[in-house]
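These notes concern the structure reproduced below.
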Amino acid sequence: MTRTLISIAFRNVVRHWRRSLISATVLTVGIGMFIFFDSVLAGMDRMTIDSMVQFNDASLKVMTSEYYENRRTMPLSHGLERTAELAAEIAAALPEATTTPRTPFMAFASNRIDSLPALGYAIDPSTDSLVFKLENQIDTGSWFSAAPEEKEILIGKLLARDLGLKENDWILLSARMTDDSLNADEYKIAGILDIPDMSLNESGIFMSYAEAKQFLGDDLPVTTLAVALPRPANLSKELGDSLASAAIIEKNHEGIRAVSIAEAANDYLAMRDMKAKYSSLIIFIVLLIAGVGIVNTILMSVYSRIKEIGVLRAYGMTSAHIRRLFSIEGLLIGLIGSSAALALGSLLVWWSVRSGIPIGDYFGGLDMGVIPMGDGLRGEWHPGTMVFGFLFGVAASWISARIPAAKAGKLEVTEALRFV
Amino acid sequence: MKIAQRALIVFLATIFSLGLGIATISAQTLSAEEILTRVDANQVYSAIYYEGRMEIVSGARVKVKTMKAWAEGEDKAFIEFTNPEDRGTKMLRLKDELWMYFPSERDTVKISGAMLRQGIMGSDFSYQDAMSSEELSELYTASISGSEILEGRDCHILELRSGASGVHYPRRKLWVDKEHFTILRGELYAKSGTLLKVLRVLGTLSLQGRRFPSVVEYADQLKKNSKTLLTMDSIVINPSIDPGRFSLQAFSR
């Protein structure tokens, strides 16, 4: 009997193809968008952490305990000693790790008309790209020359825009030196960086250690050693790896603090946890809209066929047969719609992961706070959500068909045939 | 540390708070160091109270801040802003430490490190400028580079240089009134020789036998059309000040 019911159900789905198509389309759009939105929300988290790792915080940063205590004021003291040996020891303990020194400092950048606060970094141009992706972000101009003829620096694109400067222009920097006296000097802008991290784009200034020592003092210390670890497939593992590596470094070196990305991003991650309930609400609303659409179209489909149910009952089908027949129909539509939803959702996720959603093109210069928007909003593959969405679509369709079918199955043949 | 008789420097007006010196000695006979010592001598009071008005000019925009200020010795100063936008904002300086209190957030922030270079309330005075209280003669080696008539006053031009650690402006150029030993103009330079700030004394008052700079202009040379004008009124020299004024508890009063 089951085989017969499946055969009838299949024929009914094809016979009422318009209704079937509408029901399946509602499922496809509803569940497909659910998969896409979930991917985008997960992608925002990964993008934020990626941006921190690739441009500022690295997988972890090594500094002295004294510097760690005062790090928010960016002192030019409490530097690391034996930096080369320390880097070698880290490489020995963490064979896949790469390192580069960085010394952040506060400065003011001026075009002689305006003066804006800037976040400066003394970097080693030859090793910086082993840890950070700054070199890939040149918008105009070039990376540091191997043998510069003039004092050169790189600056963030928005800082350049705010000061009305372009590559090869000169910029006046002023900052406190290592001995607390003030210094000011002019630098040629070798390149302008379009950095996804909005804060660096707005205020970032990068100069070589050679220039920084002339500007800030010959005794300028290396205050942080940035460490890059391989990028794992998911965020949880990335955070876990950075914590474990930081623990190894601290265990091997007394008086050294290793600040993992998990610790550096602590504020963001706490904020993300707070936001999670709102994100869940968005997902729930999308799912609810999809669910209501599915239930509505299946209900309409079943109620419009009550007379047909009366005929089937007249042919001798029991109410259990009727219920099973419509359940199978609902299941078939659910399978078709959910499969299409999976395909649509996957296509959208693939597009967002591969190309990024060019949200910045629509909202030029949109500041999304800690979420870097420069490269477009990228989604993240979330297989668990896809499976859940597929099963939800099938189940919603099945239940939606079963409830009115059960009610219709209980009607007398004459009542069903008279049903309007 | 000098004895209590040695005075306070007027917090915001530290760099240009000047006194009247009666030039009984012929200025021509003084060396650069002696001139600087007399300038320092004019800058000392044991305590002061004043009500101030700060006009912050940035291009066509002018912001006005008003304040009450108390200071005692060279290590203690307290400012309370009284203009409507900033009413209740307070600053306390104790030796080398500086705090600000923001009433809307009910938050006390210690100003330190790189934050010291930022302008106070958006003005051309940096927190670091407000922290300077040492005598110029202690920090700099002076030389006389010439004479000039400035605003109708005959002035020595002093070149000050310092190689010492912790001196914010390694080089200064001062125009010192030959009669009163007050600074009428100052140029503050970075280590590289770049001019960072220019101060001008636009008005003075005679108080207790000294000439006090009551109107001072301070201009950040890294910005165009930017200057801050500080006018001091209701000045009281050596007032009686509640010792509790110079404490963090005073923020919550």
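Which log10 I(q)/I(0) values does segment A:103-224 give at q = 0.18 Å⁻¹ under the Debye formula, counting every alpha carbon as one identical point scatterer?
The Debye formula, applied to the Cα set alone, gives -0.89.
How far is helix A:83-93 tilted off the main Cα axis of chain A, in degrees rounded to 10, range 0 to 90?
With rounding to tens, the tilt is 30 degrees.
Cα-Cα over 29 Å: which of A:K61/B:K90; A:K188/B:K110; B:K95/B:K191; A:K188/B:K224; A:K166/B:K65; B:K110/B:K223? Provide the component values of the computation, followed by the final result.
Details: A:K61/B:K90 37 Å; A:K188/B:K110 35 Å; B:K95/B:K191 25 Å; A:K188/B:K224 20 Å; A:K166/B:K65 36 Å; B:K110/B:K223 27 Å.
Going by Cα-Cα distance, A:K61/B:K90; A:K188/B:K110; A:K166/B:K65 fall outside the 29 Å limit.
Only Lys, Arg, Asp and Glu count, each charged at its Cβ (+1, +1, -1, -1), so figure out the dipole size of the protein assembly as shown about its Cα centre, rounded to 20 debye.
Numbers: 71 positive and 77 negative charges, 821 e Å.
Computed charge dipole of the protein assembly as shown: roughly 3940 debye.
Residue by residue, what Karplus-based ³J(HN,Hα) values in Hz, rounded to whole numbers, does segment A:145-151 have, using 6.51, -1.76 and 1.60 with θ = phi - 60° and x for Gly and Pro?
Using θ = phi - 60°, the values come out as 6, 5, 10, x, 8, 10, 5 Hz.
If you average the alpha carbon positions of segment A:380-397 and of segment B:48-93, how far apart do those two centres end up, in angstrom?
Each part reduced to its Cα centre gives a spacing of 62 Å.
Rounded, prolate or oblate for segment B:166-253? Axes are the square roots of the Cα gyration tensor eigenvalues, ordered a ≥ b ≥ c, and the cut-off for rounded is a/c under 1.5.
Numbers: a/c = 2.07, a/b = 1.37, b/c = 1.50.
Cα axes put segment B:166-253 in the oblate bin.
Kindly put A:I261, A:I49, A:I289 in sequence by how many other C-beta atoms sit within 10 Å of each C-beta, fewest to most. Don't jump to the answer; show the numbers that get you there.
Numbers: A:I261 28, A:I49 23, A:I289 15.
By the 10 Å Cβ count, ascending: A:I289, A:I49, A:I261.
Where does each of B:220-228, A:164-172 land if you order them by average Cβ count within 10 Å, highest first? Can you show the working numbers first?
Values: B:220-228: 20.0, A:164-172: 15.3.
My ranking of the peptides, most packed first, is B:220-228, A:164-172.
Please pull out the direction-averaged projected area of segment A:232-276, using the convex hull of its alpha-carbon atoms, in nm² to one decimal place. Before the final figure, lay out each step's value.
Details: hull surface 13.8 nm².
Approximately 3.5 nm², given one-decimal rounding.
Please build a GNM for chain A, connecting alpha carbons under 10 Å apart, and tell me which residue among A:S236, A:S400, A:S77 fluctuates the most.
Top of the fluctuation ranking is A:S236.
Long-range amide H contacts for B:K191: which residues qualify at under 5 Å (H placed 1.01 Å from N, peptide plane, sequence gap of 5 or more or a different chain)?
A:L182, A:N183, A:A184
Going by a ≥ b ≥ c, the root eigenvalues of the Cα gyration tensor, does chain A fall in the rounded group (a/c under 1.5), the prolate group (a/b larger than b/c) or the oblate group?
On the way: a/c = 4.13, a/b = 2.84, b/c = 1.45.
Taking the square roots of the gyration eigenvalues as a ≥ b ≥ c, chain A is prolate.
Quick one: order A:W381, A:W350, B:W175 by neighbouring beta-carbon count within 10 Å, fewest to most.
Details: A:W381 16, A:W350 13, B:W175 23.
Final ranking by Cβ density, sparse to dense: A:W350, A:W381, B:W175.
For A:V222, what residues show an amide H to amide H distance below 5 Å, using hydrogens built from the backbone and excluding near sequence neighbours?
A:L80
How large is ³J(HN,Hα) for each residue in segment B:59-67, as worked out from phi by the Karplus curve 6.51 cos²θ - 1.76 cosθ + 1.60 (θ = phi - 60°), to whole Hz, x for Gly and Pro?
Coupling constants for segment B:59-67: x, 8, 8, 10, 10, 10, 10, 10, 7 Hz.
Taking Cα atoms, how many degrees apart are the long axis of helix B:32-42 and the longest axis of chain B, rounded to 10 and kept between 0 and 90?
In chain B, helix B:32-42 runs at an angle near 40 degrees to the longest axis.
Within straight cross-link reach of A:K133, meaning Cα distance under 14 Å, which aspartates and glutamates are found once same-chain residues fewer than 8 apart are removed?
The reachable aspartates and glutamates, counting only those whose Cα sits under 14 Å from A:K133, are A:D50, A:D57, A:D124, A:D194, A:D197, A:D375.
For chain A, take the longest principal axis of its alpha carbons; what is the angle in degrees between that and the long axis of helix A:319-354, to the nearest 10 within 0 to 90?
20 degrees
Under 29 Å Cα-Cα from A:K407, which lysines qualify once same-chain neighbours fewer than 8 residues away are excluded?
A:K307
With a 10 Å Cβ neighbour count serving as the proxy for reagent exposure, in which order, fewest first, do A:H16, B:H180 appear?
A:H16, B:H180
Ignoring solvent entirely, what values of log10 I(q)/I(0) come out of the Debye formula for segment A:5-138 at 0.11, 0.16, 0.22 Å⁻¹ when each Cα is a single scatterer?
Debye intensities relative to I(0), on a log10 scale: -0.63, -1.02, -1.35.
Which values of log₁₀ I(q)/I(0), to two decimal places, follow from the Debye formula for chain B at q = 0.08, 0.12, 0.17 Å⁻¹ with a uniform point scatterer at every Cα?
Per q value, in the given order, log10 I(q)/I(0) is -0.29, -0.68, -1.41.
Classify segment B:45-136 from the C-alpha gyration tensor, please: rounded if a/c falls under 1.5, else prolate or oblate depending on whether a/b exceeds b/c. Can you show the working numbers first?
On the way: a/c = 1.33, a/b = 1.32, b/c = 1.01.
Rounded, since a/c falls under 1.5.
If you take every residue apart from A:G337 with its C-beta less than 14 Å away from the C-beta of A:G337, what net charge results, scoring Lys and Arg +1 and Asp and Glu -1? Write down the numbers at each step before the final one.
Numbers: positive: A:R19; negative: A:E329.
Summing Lys/Arg as +1 and Asp/Glu as -1 gives 0.
Throughout, read-outs are computed from the coordinates displayed, never taken from laboratory work. These numbers come from a predicted model, not from an experiment. Reconstructed Cβ throughout: ideal geometry from the backbone, glycine too, with neighbour counts over all protein chains shown.
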